[in-house]
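The values are calculated or read from the model by the stated rules, or taken from the named source; none is laboratory data. Remember, it's a predicted structure, so these values are computed and weren't measured experimentally. Here the Cβ is made from the backbone with ideal geometry for all residues, glycine too, and neighbour counts use every protein chain on show. To get the accessible areas, we keep the full protein, side chains included, count just its heavy atoms, and leave off ligands, DNA and RNA. Shrake-Rupley method; radii C 1.70, N 1.55, O 1.52, S 1.80 Å.
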Amino acid sequence: MHRLLKRQILKAKLSESTLKEIGPFLDHIDSAYRSFESDIYHIETILEKSSKELFQTNKLLKHNMQAISSQLERVAGNIKEVIFEIDLNGYWSYLNPAWEQLTGCSVADCLGQPCTQHLTDGSGNPIIDLMAIQLAGPKTYNLKTACKPSCGPEKWCDFSVKAIYDETGRIEGYIGTIVDITNLKETEFALIRAKEKETLANRAKDQFLSTMSHEIRTPLHGVIGLSHLLLAENPKPEQMENLTALKYSSEHLLSLVTDILDYNKITSGNLNLEEAEFSLDCILTGMKSIFQHRAQQKNIAFNIRTDHDLPDLFLGDATRISQILTNLIGNAIKFTEHGSVLVEVETIKHQGQGQPLRFKVSDTGIGISNQKIEKIFHSFVQANLDTTRKYGGTGLGLAICKELLELMGSQLGVESNLGKGSVFSFDIILNLPESQDHLRNIEVHEDYPMIKTTMENCRILIAEDNRVNTLIIKKLMKNWGVSFDIVENGLLALEKAMTQNYDLILMDLQMPVMNGYDATRAIRQSLNSKNNSIPIYALSASCGMDINHKLNEYGLNGLIRKPFDPSELKKNLLNIVNRNTVATDKVRHL
């Protein structure tokens, strides 16, 4: 019988007869006690086993947690950026070892202290602003600034901080990083200083080139101008050859100087393309007048062919387009001994904005071998030394054309056969003005006076301090029948413009007493109302990078560069006077 049942029977003090009567019932109770005891033992065995397993699992978990914690500590300890946590009260609750390297302060000394301490700006104000971080919401608050650690030198740091939210959306702390960007900032500042030095150096170089350009071009202007005057004064036959050689040599020297200065502008990145209305017909007519005589001297044909539906007016940089064509046509004529040179301009079908044009310059000259084609586009390079010795030149013409066309979004193509000739071509897209009305159509309008065809009765004021230039200009003006005044500085030009009326003012830019820029501004601001609209053009040998900007800033209408060809100068002056006459009459008719 089970011990627990015996204990209960003894406590009950039952008789023998009673025990016999309930014997079967007691047997069932005894069996139940024994089963219960067996179950209890089984449960205890299971609990003991489970407890051992739980203990082992807990031990393993603690080991893993210690390993992970140790690993995280090693990772955080090796991260160069500071990782931190701030509690709701604004105290440092965690700082990794990088904190000590950044600030020079011990992590243990800083934990539990306000986050407004140990890192301040130059004025001693705290850098981490918890209010600003709260306003940033779930986004990360970023700040790059110079900071002064309490235990170390000033540094530049990149702060990234964000708020930590619980499940209910309430802020329970802040977490972030601090990156030392001192070396990056020092490099940035060094680059800025280097850039400033480069800018100053480029400015000094530009000023030097501008001054040298003026100093070189001014005597060249005198030589070329005097050679033109002497050739126009019926020289003796034995003098003609010498004067022609003098004129050619001076013009050749000028072209070399111009090529070098222009190439410097392009390679320095300081050349800006203009977007102004121009007549393509005028450009091509100018090319015809410039190169027709040169081609006739070599007994070769020179023709220009255009599409019949080619618009006349375009928007673009007429000066640079003319420069490209001048180089290509000049080369074609220079390298052609027999045959012809042909310039073709045709329109290309296009569905976008603007009007694409294709320019071709073909010749029957010496040609270029396939091996030399790439070489000719390099600066200061020609196809071979024999070409340089025989034909001269700097080797910059095609390099300049190539660079200019790349600025326009185009490329210079070439097809050539050695001994048979070459074809240079390029495509450019030019915008069209709103109207194709042109100055040449104005003279048929009955409301306007006849446009002048000569310089007679024109009144021109010229400010020029160089004696040779003054001598040349005086002779040219007298030959053209111009009524003119010449003064030697800007102040005298201002005095003349205050008391006299002129059709045009030509202003040298570099003069004593008062330069051309200041004189022009003073003339524009003078009490003589006509001076507000009178055309004032710079007459200068300068080639500074910023000259166009300064012309607009001081109120000059344009630049006539020295030295100049007398016939081209006369044509330009007539165009200026006629344009001003038409513009004045338009205002009068309003």
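Structure summary
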| quantity | calculated |
| --- | --- |
| Among residues of the range 127-144, those that are open to solvent by 70 Å² or more (accessible area, probe 1.4 Å) and part of a strand (DSSP E or B), counted | 2 |
| Flag if ALA519 is at pLDDT 85 or above, over 20 Å from ASN572 (Cα atoms) and within 39 Å of the chain's Cα centre (by Cα) | yes |
| Lone unmet requirement of (1) assigned to a helix (DSSP H, G or I); (2) free of Cβ contacts under 8 Å to residues at least 40 places away in the same chain for ALA519 | (2) |
| The listed residue being charged (D, E, K, R), touching a residue at least 40 places away in the same chain (Cβ under 8 Å) and open to solvent by less than 20 Å² (accessible area, probe 1.4 Å), out of ASP307, ASP317 | ASP317 |
| Subset of the range 448-464 [surrounded by 16 or more Cβ atoms within 10 Å (Cβ to Cβ), at pLDDT 80 or above and not small (Gly, Ala, Ser)] | MET455, CYS458, ILE460, LEU461, ILE462, GLU464 |
| Failed item in (1) under 20 Å from LYS550 (Cα atoms); (2) buried (at least 19 other Cβ atoms within 10 Å of the Cβ), with VAL482 passing the rest | (1) |
| Subset of the range 174-220 (residues that are in contact with a helix residue (DSSP H, G or I) (Cβ under 8 Å, 6 or more places away or on another chain) and either buried (at least 16 other Cβ atoms within 10 Å of the Cβ) or not in a helix (DSSP H, G or I) (or both)) | TYR174, ILE178, ASP180, LEU209, SER210, SER213, ILE216, ARG217, THR218, LEU220 |
| Qualifying position, being in a helix (DSSP H, G or I) and of a type outside the set (S, T, N, Q), among PHE314, PHE291 | PHE291 |
| Residues that are in contact with an Asp or Glu (Cβ under 9 Å, 6 or more places away or on another chain) and open to solvent by less than 30 Å² (accessible area, probe 1.4 Å), drawn from the range 518-538 | ILE534, PRO535, ALA538 |
| Residue ID - nearest to VAL414 (Cα to Cα), chosen from residues in the range 338-359 that are open to solvent by 70 Å² or more (accessible area, probe 1.4 Å) and in contact (Cβ under 8 Å) with a residue 12 or more places away in the chain | ARG358 |
| Tabulated pairs, the range 570-590, first more than 13 Å from ARG459 (Cα to Cα), second at pLDDT 75 or above and assigned to a helix (DSSP H, G or I), C-beta under 8 angstrom, 6+ apart or interchain | LYS570/LEU476; LYS570/TRP480 |
| In the range 367-402, residue modelled with the lowest pLDDT [restricted to those that are among the hydrophobic types (A, V, I, L, M, F, W, C) and surrounded by 20 or more Cβ atoms within 10 Å (Cβ to Cβ)] | ALA383 |
| Residue in the range 231-247 that is free of Cβ contacts under 8 Å to residues at least 40 places away in the same chain, surrounded by 13 or more Cβ atoms within 10 Å (Cβ to Cβ) and in contact with an Asp or Glu (Cβ under 8 Å, 6 or more places away or on another chain) present | no |
| Number of positions in the range 537-551 that are at pLDDT 85 or above and not in a strand (DSSP E or B) | 1 |
| The one condition in (1) open to solvent by 60 Å² or more (accessible area, probe 1.4 Å); (2) touching a residue at least 12 places away in the same chain (Cβ under 8 Å); (3) not in a helix (DSSP H, G or I) that PHE278 fails to fulfil | (1) |
